[in-house]
Structure formats: C-alpha cells, structure tokens
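*Asks:* I am attaching a structure below and will ask some questions about it afterwards.
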Amino acid sequence: MTDRKRSMQEPTLLILTALADAPRHGYALSREIVAISEGRVRLRTGTLYGTLERLQAENLIEVFAEERVEGRLRRTYTLTRAGREALQAEVRRLTATAREATRRLKASGAGTAGATA
C-alpha cells in the first residue's frame, strides 16, 4: 500500500468518495465525480481508468461485479477495507486543515481591507 501520510491526489479522493456509498462502474463514476465536484472536475477516460488500475493495485478498490453490455465488459468497483480506511484518514486530514485555516482566518480578521499574506 502507498504512504497515506501525504495528501491524496484529487482524482483518487474523488473516486474513493464516489465509491464510499455504493459500487459504481466507470461511466457512473465519471458522472458522480462531476456531481461531487459541482462540475469543477471531469476526469478524462484515460485518467479515470488509469487511476482505477492504480487503486486496484494498491488494494484500495476491487472489482465488485463484471457484466457484458453491448459486447463490452463493464466492471463495477467498490472500496476495500483499506480503501475505506484511507478515505477516512484523508477526511480527517482535510478536516483538520480546514479547521485550522478557518481558525487563522477568524483570528486575523479575514475579509478586512488590511489582511494580506
């Protein structure tokens, strides 16, 4: 498994998030990622499937089901226990960072004309 002390790349975070509540196939994952990111992120096919392969190799996701649709193999993916734990760890990391950023902004009187970096 990879070192999860560093932050996840956004495609990884979005895919794991999209799989957190239900198994999904590639096209459904693409649509879910657009919804989760409020339209900000649209993963290209190569990026999506390359990331899915990597996440499988890292044991963060696994194939839940396979079926033939119009002659093509459709794989549905789900989180593994390790994937769920990695996502939970990333959520804790992001939450702590957001909490600290909020604290600092409040302490500095963010939004005032004199606040600069």
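What follows is calculated from the coordinates using simple rules that are stated; it is not laboratory data. Everything numeric here is computed off the predicted structure, so don't read it as measured data. Because the Cβ atoms are built from the backbone with ideal geometry, glycine has one as well, and the counts that use them run over all protein chains shown.
*Asks:* Farther than 24 Å from Ala89 by Cβ and of a type in the set (D, E, K, R): which single residue out of Arg24, Arg40, Arg72 fits that description?
*Replies:* Arg72
*Asks:* Okay, moving on. What number of residues within the stretch 53-81 are touching a strand residue (DSSP E or B) at 6+ places or on another chain (Cβ under 9 Å), surrounded by 14 or more Cβ atoms within 10 Å (Cβ to Cβ) and over 15 Å from Ala20 (Cβ atoms)?
*Replies:* 3
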